[in-house]
Amino acid sequence: MANLPLEIIVEILCRLPVKSLKRFRAVARWWCFQIDSQDFVKLHLRRSLVSSSNRNLILGGLALYSVDLNSLDKAHVIKPPFYYQTVDSITNSCNGLVVVTSEPPVLWNPFSRYYKVLPVNVIEQPNSGDSYCKVAYGFGYDSVNDVYKVVRVEEVRNSITHVWIYSKAKIYSTKSNSWKVIENFPYPLPFLRGIWRVHVNGALHTLVENLEHLRSGEFVKIMALDIEREKHFEVMMPQGIRFRGVNASLDVLGGSLCIVSANTYGVVIWVMEKYGVKESWTKLLSIRPPLIERDDFVKPLVFSNDGERILLNCDDKDLAWYDLKKKTVENVSVEGLPFMFYAEVCVESLVGFDVPGQAKKLGTEKKKGKKCLNKRDDFLSEGFKLVL
């Protein structure tokens, strides 16, 4: 390796998983410096995203697990290096980061183990005894300003009927390390899903009830929050789609927005091939029993490397490959898979946080005689930026 050109060494290193890179930092001071550099962090992430490598499933429920998407052989338990109230509340992954929506929330990289506890922001409870406050979170990346943002919507609902009354919205930025009030979200979020997990094209998306068309089949629409501008806008639905008598959800697949429509007759998945263009909505697949169980909830997770199959989460109990050409379903057997789970796709990254003195990491600070490791802790506490 000593005789290889610098460019070749960097090209080899940027293809490796985070666990290997953390070990290789101890090989030599130059290796440590190189792996810790901002340029390498960005290169490693870009390489993983473009090549669809170093991808994992994060499984939540009664505990947290990770599953390597290349092998899908075993579920490994993840133990967060911080206190959390529940693991059933983790946002979508963005460049390898997630938000654990405890109080206060925690910004966390599950593979590098860096985390940051966000500033406490007291949830304002309504004064009226016949209403309560329900909190929903979203997480996204503002690529223009190179900043990560956490959105929190506090919904006030009726205590008996759970009908939405009004909402208040706040946003946290890693640049300012503080919360601020933004434009209120004008629609009720899905009641049983307190997290926006659909982050596409720099915006958070969710299905909402269109109160003006409750009597028609078009009473559902897509609303989005632009992470950079912190403004709401509508995304057009597929032409002719109806939601009367179906269970609909919004997801992201291969970087594209998609809608899952399910009823007793099967599941249909639509994909927006060109973001923001209504005419680009395309019916990707239609699955009917007995390929799936009747009334199963289906969530698309990721395309296979050759793009010919889609990994599905079936009713939060099973994983299965759907073959787009053969139109067949193949169950996936994963050792240690929990009985019930939700699943999110997460790329391994070295991304840290842009707030001086706030990033924390457990494990290396107790090791003695490794000055380079300690130097890296100091470097990352100063923060580094990601520009794709």
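The values are calculated or read from the model by the stated rules, or taken from the named source; none is laboratory data. Small disclaimer: the values here were computed from a predicted structure and weren't measured. Glycine also receives a Cβ, built like all others from the backbone with ideal geometry; neighbour counts cover every protein chain displayed.
If I filter the stretch 287-297 down to residues being under 15 Å from S249 (Cα atoms) and out of contact with any Cys (no Cβ under 6 Å at 6 or more places or on another chain), which single residue comes out as modelled with the highest pLDDT?
Step by step, filter the stretch 287-297, then rank; the result is F297.
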N331: passes all of (1) touching an Asp or Glu at 6+ places or on another chain (Cβ under 8 Å); (2) surrounded by 14 or more Cβ atoms within 10 Å (Cβ to Cβ) but (2)
Identify, by number, the condition in (1) of a type in the set (D, E, K, R); (2) within 18 Å of I171 (Cβ to Cβ); (3) at pLDDT below 90 that K116 doesn't meet. (3)
All conditions in (1) assigned to a helix (DSSP H, G or I); (2) at pLDDT below 90 are true of H44 except (2)
Going through the stretch 44-62 in order, the residues found to be of a type in the set (A, V, I, L, M, F, W, C) and crowded, with 16+ Cβ neighbours inside 10 Å are L45, L49, L57, I58, L59
Taking the stretch 329-338, which residues are without any contact (Cβ under 8 Å) to a residue 40 or more places away in the chain and assigned to a loop (DSSP other than H, G, I, E, B)? S333
Within the stretch 303-315, track down each residue that is crowded, with 18+ Cβ neighbours inside 10 Å and either closer than 19 Å to N247 by Cβ or not charged (D, E, K, R) (or both). I310, L311, L312, N313, C314
Which residue is farthest from the chain's Cα centre (by Cα), if the candidates are limited to the stretch 16-41 and must be in a loop (DSSP other than H, G, I, E, B) and under 25 Å from V345 (Cα atoms)? L16
The correct count of residues that are more than 20 Å from L189 (Cβ to Cβ), more than 23 Å from the chain's Cα centre (by Cα) and aromatic (F, W, Y) in the stretch 236-278 is 1
Among strands (runs of 3 or more DSSP E) entirely inside the stretch 63-133, those with 3 or more residues being exposed (fewer than 14 other Cβ atoms within 10 Å of the Cβ) and touching a Lys or Arg at 6+ places or on another chain (Cβ under 9 Å) are none
